[in-house]
Amino acid sequence: MKSKRTCFLAIPAFLILLNACTMHDTGSALRLNGTWQLISGMTITKNDTVMYPAGSQFIKIINDSHFAFLKHDMNPPKDSSNHFDAGGGRYTLSGDQYTEHLDFYADRNWEGKPFTFTVKLSNDTLTQTGIEKVEGANVDHTIVEKYVRVVAPGN
């Protein structure tokens with residue numbers, strides 16, 4: 001009877017330990033798969049900091065090998081203009097170094113470029129920090145973005 005009770009208590013303890021190991025980077029991959037909604041972001045160019053996404057909604061979707069991002073205005077103008085942005089491609093993850101290889105984007109100056117970020121996962125919040133440098137678009141700034149995991153209804 002005692003061995004059944006020990007086994008009964010050991011299984012949940014093992015599952016809790018396994019879950020804790022996958023939530024933090026201890027040599028294993030961070031769990032980035034899912035849909036993430038941007039809750040705050042900033043670009044830092046020299047001594048100028050710009051906060052975003054005021055007036056827009058931004059999500060990032062990550063699976064085992066690819067990422068995609070989608071952005072649109074929350075209050076679109078009444079005319080036919082559409083302020084929509086999207087892109088995506090492959091990514092690699094090594095420890096906390098997340099590199100996006102932007103294969104698809106409306107501005108071709110950005111395509112084919114790798115962008116490396118340091119990522120941190122804390123509960124349901126993903127923070128990524130890194131440099132975006134695109135000479136053809138005159139972009140050279142640091143970004144800090146904070147996302148919250150989007151939970152599907154019923155989960």
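The values are calculated or read from the model by the stated rules, or taken from the named source; none is laboratory data. Values in this document were obtained by computation on a predicted structure and should not be read as measured data. When we count neighbours, we look across all protein chains shown, and the Cβ atoms used for this are built from the backbone with ideal geometry, even at glycine.
What the table shows:
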{"quantity": "Those residues of the stretch 106-155 which are in a strand (DSSP E or B) and among the hydrophobic types (A, V, I, L, M, F, W, C), in sequence order", "calculated": "Phe115, Phe117, Val119, Leu121, Leu126, Ile131, Val134, Val139, Ile143, Val144, Val148"}
{"quantity": "Residues satisfying the stated conditions in the stretch 28-59, i.e. within 23 Å of Glu111 (Cβ to Cβ), in contact (Cβ under 8 Å) with a residue 40 or more places away in the chain and either touching a Leu at 6+ places or on another chain (Cβ under 7 Å) or polar (S, T, N, Q) (or both)", "calculated": "Leu32, Trp36, Thr43, Thr45, Ile59"}
{"quantity": "Strands (runs of 3 or more DSSP E) completely within the stretch 50-105 that count 3 or more residues being under 20 Å from Ile39 (Cα atoms) and touching a strand residue (DSSP E or B) at 6+ places or on another chain (Cβ under 7 Å)", "calculated": "56-62, 66-73, 84-94"}
{"quantity": "Filter result (within 17 Å of Val139 (Cα to Cα), among the basic types (Lys, Arg) and either at pLDDT 95 or above or in contact with a Leu (Cβ under 9 Å, 6 or more places away or on another chain) (or both)) within the stretch 74-126", "calculated": "Lys113"}
{"quantity": "Residue in the stretch 39-47 that is at pLDDT 95 or above and more than 15 Å from Thr142 (Cα to Cα) present", "calculated": "yes"}
